[in-house]
Amino acid sequence: KSNSFCTLLESFLSYLRQPPHAMSNIPGLNTAILDFCTRLDDGPRDEAAARRELPQRDPAEYQWLRDALASIEQPEARLKKLIAVMDNPDKCTSEDDECMSALEEIMDMVEDINWAVEYDLNNGPLKTLNLLGKTTDAEVRRVAAMIVAHSSQNHERLQKKFVELKFQDRLIPLLASEQNHGARAALIFAISCVCRSYPPASAAFLGAGGLGVILNTITFHAYHDPKTTARCFRLAEYFAAELSTTAAPVAHAACRLAVAEPVPEPPVEGAKPGPSIDVTTAAAGAARAVVERCVAVGHQGAPLAAECVAILSPWAERTAASDDAPSTDHKALLEAYRAAVRAGVTATTSTNKTVAVDDDAAAAAVASPIALGSDGTAASPRPEPVLSLPAPPA
C-alpha cells in the first residue's frame, strides 16, 4: 500500500491498454482498478504511523481486485485460443459470431510481425490453409485468405512457411472456382503477399499453373470484378518486371484491356460493358512491364514484343493525336511502346502462341492453367505457353 505500488500498477494498466493487450472490452475496469488502488492508505511514514492500525476494508473489495487481475489474459494465450477456433472448420461459419470475431482478431494481430511469428509457432498457417480448403462459407474464406495475406506480407519467415505447406495447391484451385467477389479478391491478395519479394514462392506458384489461373480470372471477371482483375494484373506486372516471366495470353490480355475504353464512373444506365478505370490502369502497368522486358532481352523477346506492339499501335496513334493527357500508367506504357518501335520492333500478329525458350530455368515455370467453363466450374488442366526471359545483357 505505497505510492510506488500505485505507480507500478498504473504503469501496468497503461501497458494493458495498448493493443493487443487492451482490456477495453471490459468497460470501466481500468478506471475502477486504478481508482481503487489510489484510494488505499499510503502506508506508514514514521514509527508512530507504523504502529497505527490500518483501516479495515471489506474483504469483498480485495477479492474483486484479485479476480480482476486474474482475469487479465496473457496475449500469447489469447492468440493460441483464437487459433484453436480453426480446429473445427465445419463449425466455423459467418453466422457464428465467436468464430468470425476470432478470425478477424487474428487477421488484425498478424499484421504485426511479432504476432505473425507467434501465429506461426501455434501452427496457424497450416490451420488457416486447412480452413480455406474445408469451409463452404465465402465470408470465412475471405477472412482466412486475408489472414494469409497479412501474416506473410513482407515477412520471409511466413512466406517460407507457406511454401513448405504448398500454399499453391490450396489457393490456386480456390481462386479458379471462387464465385464470391470478396473472397476472390482476398485470395489473389494472399497469393500476391506470399509471392512478392520471395522467389521460391513465386516459382512454386508459377510452376503449379499460376499464370493460367490469372489469365482465366481476367478472362471471366474483367468486367464485373474489377478489384480482383486489377490485382491479377498487378501480380502479372510483378512477375514480368521482377522475375522476367510472363505468358503470351496474359500479355495480350493486358495490352487489350489497357487500351479499352473504361466504363464511366459512376455507371451510366445503358452504357456499353467494359473494364473499370482501375482495371485499365493495372493492365497498362502489366503491359508496360512485358514490353520493356521483351525489348531489354533482344531477339528472345522480339516475337511477343511485336504482338504487343500490334495491339497497342492504334491506341498509341490516337493518344498521340489527342489533347487529353494519359494517366501515369498509360503514359509509361506509351513510352515503352515508343521505345520498342525505336528498337526496331515491328507490329506482327501470330496465331502460334508457343514461344521458343532457351533459358533452362523456364522448364520450371511452365504453367498448367485451370480452364473454367462458362458455369465457373473447373475443367481439366490445359498447357499454356510461358515465356521466361533471361536477364538483359549488362
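The values are calculated or read from the model by the stated rules, or taken from the named source; none is laboratory data. What you are looking at is a predicted structure, and each value in this text was computed from that prediction instead of being measured. Positions of Cβ are backbone-derived with ideal geometry, glycine not excepted, and every protein chain shown enters the neighbour counts. The protein model used for the area step is the full one, side chains on, heavy atoms only, and it has no ligands, DNA or RNA in it. Shrake-Rupley method; radii C 1.70, N 1.55, O 1.52, S 1.80 Å.
With respect to (1) touching a His at 6+ places or on another chain (Cβ under 8 Å); (2) of a type in the set (Gly, Ala, Ser); (3) open to solvent by 50 Å² or more (accessible area, probe 1.4 Å), the lone exception for Ser177 is condition (1).
Could you check, for segment 227-241, whether at least one of its residues is touching a strand residue (DSSP E or B) at 6+ places or on another chain (Cβ under 6 Å), open to solvent by less than 10 Å² (accessible area, probe 1.4 Å) and not aromatic (Phe, Trp, Tyr)? Yes, there is a match, as at least one residue in segment 227-241 is touching a strand residue (DSSP E or B) at 6+ places or on another chain (Cβ under 6 Å), open to solvent by less than 10 Å² (accessible area, probe 1.4 Å) and not aromatic (Phe, Trp, Tyr). Out of the residues in segment 225-248 that are assigned to a helix (DSSP H, G or I) and of a type in the set (Asp, Glu), state the one that is farthest from Ala201 (Cα to Cα). That would be Glu237. Could you list all residues from segment 89-117 that are at pLDDT 90 or above, over 20 Å from Ser152 (Cβ atoms) and open to solvent by 80 Å² or more (accessible area, probe 1.4 Å)? If the condition is that a residue be at pLDDT 90 or above, over 20 Å from Ser152 (Cβ atoms) and open to solvent by 80 Å² or more (accessible area, probe 1.4 Å), then Glu95, Asp97, Glu98 are the ones that fit.
Ala251 meets the conditions (1) open to solvent by 10 Å² or more (accessible area, probe 1.4 Å); (2) assigned to a helix (DSSP H, G or I); (3) farther than 30 Å from Ala116 by Cβ in every case but one. The failed one is (1). The residues on offer are Lys166, Lys160, Lys134, and the sole one that is open to solvent by 70 Å² or more (accessible area, probe 1.4 Å) and farther than 23 Å from Leu211 by Cβ is Lys134. Taking segment 107-224 and the helices (runs of 4 or more DSSP H) fully enclosed by it, the elements with 1 or more residues that are hydroxyl-bearing (Ser, Thr, Tyr) are at 113-121, 124-134, 138-152, 167-177, 181-195, 199-207, 210-221. Filtered by the rule that a residue be polar (S, T, N, Q) and modelled with pLDDT of 95 or more, segment 136-153 gives Ser151, Ser152, Gln153.
A quick yes/no check of all residues on (1) over 30 Å from Thr246 (Cβ atoms); (2) out of contact with any Ser or Thr (no Cβ under 6 Å at 6 or more places or on another chain):
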site	(1), (2)
Met109	yes, yes
Thr136	yes, yes
Glu139	yes, no
Ser151	no, yes
Gln179	no, yes
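Scoring Ala286 on the criteria (1) under 31 Å from the mean Cα position of the chain (by Cα); (2) free of Cβ contacts under 8 Å to residues at least 12 places away in the same chain leaves a single failure, condition (2).
Against the definition (surrounded by fewer than 23 Cβ atoms within 10 Å (Cβ to Cβ), touching a helix residue (DSSP H, G or I) at 6+ places or on another chain (Cβ under 8 Å), of a type in the set (Gly, Ala, Ser) and over 18 Å from Thr219 (Cα atoms)), how does Ser192 come out, yes or no? In short, yes.
Rundown of residues vs (1) closer than 19 Å to Val250 by Cβ; (2) among the aliphatic types (A, V, I, L, M); (3) surrounded by 16 or more Cβ atoms within 10 Å (Cβ to Cβ), yes/no style:
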site	(1), (2), (3)
Val297	yes, yes, yes
Gln300	yes, no, yes
Pro303	yes, no, yes
Cys308	yes, no, yes
Trp315	yes, no, yes
Asp324	no, no, no
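In this structure, does Leu129 turn out to be over 27 Å from Ala77 (Cβ atoms) and either under 14 Å from the mean Cα position of the chain (by Cα) or modelled with pLDDT of 95 or more (or both)? The answer is no for Leu129. Quick check, is Thr128 of a type in the set (Val, Ile, Thr) and surrounded by 18 or more Cβ atoms within 10 Å (Cβ to Cβ)? In short, yes.
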